[in-house]
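These notes concern the structure reproduced below.
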Amino acid sequence: MNTAQRLFLLSLIPLQSACVSSSGTGKQAGVYQPQPAIHNRSQTATNQNNNRHRNNQQQTNRPQQQQQNNSHIYRPTIRRPSNAANLSPAVVALVSKADQYSNAGNLVAASAQLERAMIIQPRQPTLIHKLASLRLKQSQPKLAEELARKSILLAQHNNALKRQNWLLISEARKRQHDFAGADQALINARKLRYNIQY
């Protein structure tokens, strides 16, 4: 083998090694082949599922949080005077008719209904007060004052009803030209203004 043949064989060695390396890896030398990001895709899907789960939990918890916040909202209750709750159904029906007649301007018929109710419950302070108001409308201030005083005595701890009776007495005394007595009744009503019990 001469020198030229040896040089030719030596030049073939790098080419063979390059072919072996490329065929073993299954890649072409010098060509970029990106790998699929399988791990990143699965992690992204997991994060999306977690976010959806969190959003569902937040939407579920919102009504509960609103109910808790609304529970702190103050809601006043409407209370009726205790004596008014003692009216019998028959008396309630008669008082309702009396109010209808009074609003229509028929004071005589209204008075008759209240007088019938008084027969059933003669010591009911709220009923007596309504009759006193009707007597005042009928221009009978003296009788109205007497009925209002009786209602005050029977009202016991119902200061709201007592105050209404003192205001009625004040107006009745003005119509009787007892202005000093009217002022005193007004003072009594003001004393009960900030001490009303239901």
_Filter result (over 18 Å from A132 (Cβ atoms) and assigned to a helix (DSSP H, G or I)) within segment 98-108_ = Q100
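Yes/no matrix, rows are residues, columns are (1) more than 41 Å from the chain's Cα centre (by Cα); (2) at pLDDT below 95; (3) under 20 Å from A189 (Cβ atoms):
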{"position": "Q113", "(1), (2), (3)": "no, no, no"}
{"position": "R116", "(1), (2), (3)": "yes, no, no"}
{"position": "R123", "(1), (2), (3)": "no, yes, no"}
{"position": "I128", "(1), (2), (3)": "no, no, yes"}
{"position": "L131", "(1), (2), (3)": "no, no, yes"}
{"position": "E146", "(1), (2), (3)": "yes, no, yes"}
{"position": "S151", "(1), (2), (3)": "no, no, yes"}
{"position": "Q156", "(1), (2), (3)": "no, yes, yes"}
{"position": "N159", "(1), (2), (3)": "no, yes, yes"}
*Give just the number: which of (1) more than 37 Å from the chain's Cα centre (by Cα); (2) modelled with pLDDT of 95 or more does L168 not satisfy?*
(1)
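The values are calculated or read from the model by the stated rules, or taken from the named source; none is laboratory data. What you are looking at is a predicted structure, and each value in this text was computed from that prediction instead of being measured. Positions of Cβ are backbone-derived with ideal geometry, glycine not excepted, and every protein chain shown enters the neighbour counts.
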